[in-house]
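Below is one structure, written out as structure tokens; the observations come after it.
The values are calculated or read from the model by the stated rules, or taken from the named source; none is laboratory data. Note that the coordinates shown come from a computational prediction; the quantities given were computed from them, not determined experimentally. Cβ placement follows ideal geometry from the backbone for every residue including glycine, while neighbour counts extend to all protein chains displayed.
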Amino acid sequence: MKTFMNKLRRYQLLAICVLVAVGFALAIEPQKAAALIKKHNTAFADTKVTGQLYNMVNAGSVTGTDWRAAAEAQNKPGKSAGKGGTAVSPNNPSAVLYNQTDNASNNGAPDQDFEAGFDAYDSEGADDFVVPANRVWTVQSVYQVSTTGSGGNQTSDVTFYSNNAGVPGGVVCQRNGSAAVVTAGDTTTTLGSGGCVLPAGTYWVGVQVNQNFGSFGQHFWSNRSTQSGNGSVWRNPGDGFATGCTNFDRQTTCGVGGGASPDFLFRLDGLDNPAIVEPPVGPGIPYPAQSELSDQKAGSVLIYNVYTSGATSGNAQNTRINITNTNPQQDAWVHLFFVAESCAIADSYICLTANQTASFLASDLDPGTTGYLVAVAVDGRLGCPTRFNYLIGDEYVKFASGHAANLGAEAIAALYEGNVAGCDGGAFTAVLAFDGNTQYNRVPAALALDNVGSRADGNDTLVIINRIAGNLGIGAATLGTLFGILYDDAENALSFSVTGGCQLRNSITNNFPRTTPRFETFIPAGRTGWAKVFNQTGAIGMTGAAINFNANAASSAGAFNNGHNLHHLTLNAASGYIIPVFPPSC
């Protein structure tokens, strides 16, 4: 058997200082906007719509001005200028990803979220593009050829959709409220949260500029006379423009704003990287990295929801922690962080060869301590967090109280390529963002215990909840006060609140959680219930487990022992860790 560790050391860590504007003029009082402009074409320079006069200049007529110069400047020598709408930056780590700003036509369609009084006119345009095979794009900004009443700093809601038979399908990534600069002839939106990560495939980009009509007039996304891929689409859910296009339909069908052309003018900028070709671990379809945190998948970060050991002996209270590298070709370097319930941190490294598994006892590494464990895949040279979605694990845990269970480690997959952003040879810390898009899967925001038995039947249910956040160099974050709802099996409900540190761990009794009436009255003999718990703002990420102990398990058919991880009801995309970075010691 291969040696699974050359060295395993433990540290008590010290503190580680860690847009388009002048395309047209729309002079109109806000109160006269009962019927906003539907036509946006030079043939309708003075267009009468339901009795109101609107003067405008079309977007497509601004040929030869700023937007064309900007588009051409972005296309580097030797690369396609986007003829036909093409990906233009293979093997370029930061560049124009897709350019569809040629062949302008003399019209445009509204793509605007108006103020509350004009909600019926809220509209969105979308066009498709393709991320090439074996590439992964991080789209950081969306450039539109566009016109508006007046420019300035606005915000835009940008949504990337999957392709569903030639029209937008489900939402893949959404960045609402992203900063948008609206200037003469164009709009540039810089996406929030670092952008959107898109693997190879066909997508649709939808844009809606958040702009008050009363102050800035209307915003139009300029059209393109030629079509690439599928024809662009447009929608106006409130049907204020009376086109009938309340759902996405072709611009050429809706005809709003003079939209008789088949495509929009836009460009995508960001990062272009090769897709990782990961070796198969077996026949079948690989488990998608984008699937959320689970104890039934492999990942680059593992959360073991509880570990414990006795202070002097591990016989009655201990944890056997197991970790496996399922990669058939590559070794793994794993940084282990032992988070005590007091929030103090200790760490060590474990290194695994390809296809290797390893086990160790908590009593050997962190005796007399109870908490939870975080395992992070890092690179073997610097210790930077890295994409290595091949780690699986579980644990056998037993308490002196009799509670015992086999719990799967909850795996979080990395979504980026290579090492995590910002970590290099000069880094002392690195950020693990559980954002569900650019770095790692999201973590739960609301947890559920699907069944809790009556104490009158001998059940003692131990509940464990962990806060997934903080600095694993100097101390993890705490849970604070959580809100919960306890239901009996007749659907009656009681609410409660509990307060916890880095880990909340307690048996359900009349004293925990505090309810009125008390738990043993609410869930009497022969009855069961369930519970859910969350921060009322959904602002924190958590994981947890429940372990039931019943002394009558050997003599009663309805008495059982064991446990499981808590169920995930909702997700949080704002959690993460800061971890110290230093080379592995094995």
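Here are a few things to note about the model shown:
- G475 vs. criteria over 24 Å from G558 (Cβ atoms), outside the structural domain of P199 (by TED's automatic domain parsing), surrounded by fewer than 18 Cβ atoms within 10 Å (Cβ to Cβ) and not hydrophobic (A, V, I, L, M, F, W, C): yes
- Some residue of segment 361-379 being out of contact with any Ser or Thr (no Cβ under 9 Å at 6 or more places or on another chain) and surrounded by fewer than 20 Cβ atoms within 10 Å (Cβ to Cβ): no
- Any hit, segment 365-384, residues being in contact with a strand residue (DSSP E or B) (Cβ under 6 Å, 6 or more places away or on another chain) and among the basic types (K, R): no
- Top-ranked residue of segment 132-174 - restricted to ones that are among the polar types (S, T, N, Q) and at pLDDT below 90, ranked as farthest from H219 (Cα to Cα): N134
- Residue in segment 561-583 that is more than 30 Å from C351 (Cβ to Cβ), among the aromatic types (F, W, Y), at pLDDT 95 or above and in contact with a strand residue (DSSP E or B) (Cβ under 6 Å, 6 or more places away or on another chain) present: no
- Subset of segment 388-416 that is assigned to a loop (DSSP other than H, G, I, E, B) and under 23 Å from R467 (Cα atoms) - its residue that is modelled with the lowest pLDDT: L415
- Residue within segment 459-477 that is of a type in the set (D, E), at pLDDT 95 or above and over 30 Å from A340 (Cβ atoms) present: no
- Among residues of segment 163-177, those that are within 16 Å of the chain's Cα centre (by Cα) and either farther than 24 Å from N210 by Cβ or among the polar types (S, T, N, Q) (or both), counted: 2
- Cβ-Cβ distances below 7 Å connect the following pairs, each with a first residue in segment 490-510 that is of a type in the set (F, W, Y), a second residue that is assigned to a strand (DSSP E or B), and a separation of six or more residues or different chains: F496/G484; F496/L486.
- Complete set of residues in segment 194-228 that are small (G, A, S), touching a Pro at 6+ places or on another chain (Cβ under 8 Å) and surrounded by 18 or more Cβ atoms within 10 Å (Cβ to Cβ): G206
- Single residue of G425, G436 found to be farther than 30 Å from T509 by Cα, surrounded by fewer than 19 Cβ atoms within 10 Å (Cβ to Cβ) and at pLDDT below 95: G425
- Matching residues in segment 284-327 - criterion: being among the β-branched types (V, I, T) and touching a Leu at 6+ places or on another chain (Cβ under 9 Å): V301, I303, V306, T319, I321, I323, T324, T326
- Of the strands (runs of 3 or more DSSP E) contained entirely in segment 149-259, those carrying at least 3 residues that are closer than 28 Å to A573 by Cα and touching a Phe, Trp or Tyr at 6+ places or on another chain (Cβ under 6 Å) fall at 167-183, 196-210.
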